[in-house]
Amino acid sequence: MAYKGYENPHLVISAEELKNSLDVETYCIVDTRPTHEYIQGHIPGALHLNLFGLSLINTGKETLDSFMCMIAYLFQQRGIDSEKTIIWYDNISGIYASRGFWFCEYLGHSKTRLLDGGFKAWLATEGPVSTKGVEPPVVTPFPIKTAYELHMEANLIYANLTQEDFVVLDTRTDDEHYGRVARAERAGAIPRSTHIEWVNNLDETGAFKPAAELREMYETVGITHNKRVVCY
């Protein structure tokens, strides 16, 4: 039985599985939490890299290519080893770790996983905790094999808005979606977008819900396997 019934269980790893196979020779573990939280305690051997402050407002191909080259260079400088399975974690199955995971996938690094439930799940399994900082090892340049199909530019989203098999999924907060709060140049949402805040993918512990629950939640709002979905 696949983990939680997922179609692609290799994209996540449970705290229990990681605890039972904790091996810095096999895994490159990256803690994406704020620095002060990392210092207070982290998974032994985990590197530290908080990517949340790095963002881009121009999603054109040339600008994005330059940005991703910078990300690949940052990965190398921080000791992220492309020859290992890279495991990203946050306090929960959160947006910090998800950003690192997505960067790896977009750069073409298929051996990447997200720790389900994050550091909170690690503590719940009584996994060991270290307060010793980890010096980034010397690693080879992070290869770039760009998976362009994982990204869609704003103008292409606009051109596809009227297509029946195309769904734009807004994963932001209710306040952002309904225009009560503006964290972009203007308040509001992309026309016709479906809204499911990202936290609705998680259970009360901060781990991903089982596949059956997620499938029901998305199918209820019309997001089915035959639709093209772009998230923002």
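The values are calculated or read from the model by the stated rules, or taken from the named source; none is laboratory data. Predicted model only: the values in this text are computed from it and were never measured. Counting neighbours? That spans all protein chains shown, and the Cβs are built from the backbone with ideal geometry, glycine included.
When you scan the range 116-128, how many residues do you find that are crowded, with 18+ Cβ neighbours inside 10 Å and not in a helix (DSSP H, G or I)?
2
To keep it simple, each residue is scored yes or no on (1) assigned by TED's automatic domain parsing to the domain that holds Ala15; (2) among the basic types (Lys, Arg); (3) crowded, with 18+ Cβ neighbours inside 10 Å.
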site	(1), (2), (3)
Ser55	yes, no, no
Lys61	yes, yes, no
Phe103	yes, no, yes
Gly108	yes, no, no
Leu114	yes, no, yes
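Is there any pair linking a residue in the range 190-208 that is under 28 Å from Asp165 (Cβ atoms) to one that is charged (D, E, K, R), with Cβ under 6 Å and at least six apart or on different chains, and which?
Every condition considered, the pairs that remain are Ser193/Asp170; His195/Asp170; Phe208/Asp116.
Counting only residues that are of a type in the set (A, V, I, L, M) and within 17 Å of the chain's Cα centre (by Cα), which one in the range 6-27 is surrounded by the most Cβ atoms within 10 Å (Cβ to Cβ)?
Ranking the qualifying residues of the range 6-27, first place goes to Ala15.
Considering only residues that are surrounded by 13 or more Cβ atoms within 10 Å (Cβ to Cβ) and either assigned to a loop (DSSP other than H, G, I, E, B) or more than 23 Å from the chain's Cα centre (by Cα) (or both), which ones fall in the range 182-199?
Answer for the range 182-199, where residues must be surrounded by 13 or more Cβ atoms within 10 Å (Cβ to Cβ) and either assigned to a loop (DSSP other than H, G, I, E, B) or more than 23 Å from the chain's Cα centre (by Cα) (or both): Ala187, Gly188, Ala189, Ile190, Ser193, Ile196, Glu197.
Which residue is nearest to His109 (Cα to Cα), if the candidates are limited to the range 143-181 and must be surrounded by 15 or more Cβ atoms within 10 Å (Cβ to Cβ) and of a type in the set (Ser, Thr, Tyr)?
Ranking the qualifying residues of the range 143-181, first place goes to Thr146.
Are there helices (runs of 4 or more DSSP H) fully within the range 1-98 with at least 3 residues that are of a type in the set (A, V, I, L, M, F, W, C)? List them.
Ranges flagged: 61-77.
Output the number of residues of the range 99-115 satisfying the condition of being within 17 Å of Met68 (Cα to Cα), not hydrophobic (A, V, I, L, M, F, W, C) and not in a helix (DSSP H, G or I).
Of the residues in the range 99-115, the ones within 17 Å of Met68 (Cα to Cα) are 99-110, 112.
Narrowing further to those that are not hydrophobic (A, V, I, L, M, F, W, C): 99-100, 105-106, 108-110, 112.
Filter again for not in a helix (DSSP H, G or I), leaving 108-110, 112.
Going through the range 99-115 one residue at a time, the tally reaches 4.
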